[in-house]
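The values are calculated or read from the model by the stated rules, or taken from the named source; none is laboratory data. Source: prediction; values computed, not measured. With ligands, DNA and RNA removed, areas are computed over all heavy atoms of the protein, side chains included. Shrake-Rupley method; radii C 1.70, N 1.55, O 1.52, S 1.80 Å.
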Amino acid sequence: MAKIATVITNLFEDSEYTEPAKAFEEAGHEVVTIEKEAGKEVKGKQGESTVKIDVGIDDASPEDFDALFIPGGFSPDQLRADDRFVQFVKKFMDDKKPVFAICHGPQLLLTAKTLEGRDATGYKSIKVDMEYAGAKYADKEVVVCQNQLVTSRTPDDLPAFIRESNNLLEK
């Protein structure tokens, strides 16, 4: 089973973390949360979820994980201001490990300059940013690119996002 690195901070979109994390764990995978410091608690923007951070970014190595999960909300925009998270995310893309990004999650991939030539989707407000970065944007509930990258637009797309992410983990 896979060990999934999850980069997350305050104001993540609650359901975009809780539903995939639950589905991954039910499928037997391990979900590890990563933020600036271990033991800290971060809160979802809807106020429905609190997540305790397992590992601080300085102690996290992409080599220790099989896949990367980036929930949406305001979390990815905050994390991409920190080069440590940008480099962490870039390593997964460069190494062709599975990456799952929903809603605003692709913002971290944009900052890591890893979307050029890739098929992807995301929340409509980042569509132009994704296109400027060279992504082939598709307004679809889920886009799977090169058996590595799974992206979706909104919480409404969660069933398809979870299905395709778990399918990729089974390969």
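The slack between residue 26 and residue 59, meaning 0.36 nm per residue of separation minus the straight C-alpha distance, is 9.3 nm. Gain on full extension, evaluated as 0.36 nm per residue between residue 170 and residue 156 minus their Cα-Cα distance, stands at 2.7 nm. With protein chains left intact and a 1.4 Å probe, residues in the stretch 105-161 average 46 Å² of accessible area per residue. Can you pick out the pairs among 43/136; 45/136; 52/90; 3/43 whose Cα atoms lie more than 26 Å from each other? Exceeds cut-off: 43/136; 45/136.
Here the Karplus relation 6.51 cos²θ - 1.76 cosθ + 1.60, evaluated at θ = phi - 60°, turns the backbone of the stretch 26-33 into coupling constants of 5, 7, x, 8, 9, 9, 10, 8 Hz, with x for every Gly and Pro. Working note: Cα atoms of the chain, range along each principal axis, descending, whole Å: 38, 33, 32.
In the stretch 125-171, what percent of the accessible surface is made up of carbon and sulfur (1.4 Å probe, ligands and nucleic acids excluded)? Solvent-exposed carbon and sulfur of the stretch 125-171 make up 45 percent of the total. If you sort 6, 154 by accessible surface, 1.4 Å probe, largest first, the order is 154, 6. The phi-based Karplus calculation (6.51 cos²θ - 1.76 cosθ + 1.60; θ = phi - 60°) puts the 3J(HN,Hα) values of the stretch 17-22 at 9, 5, 5, x, 4, 4 Hz, whole numbers, x for Gly and Pro.
The H on the amide N of residue 136, modeled in the peptide plane, is under 5 Å from the matching H of 117, 118, 119, 120, each at least 5 residues off or on a different chain.
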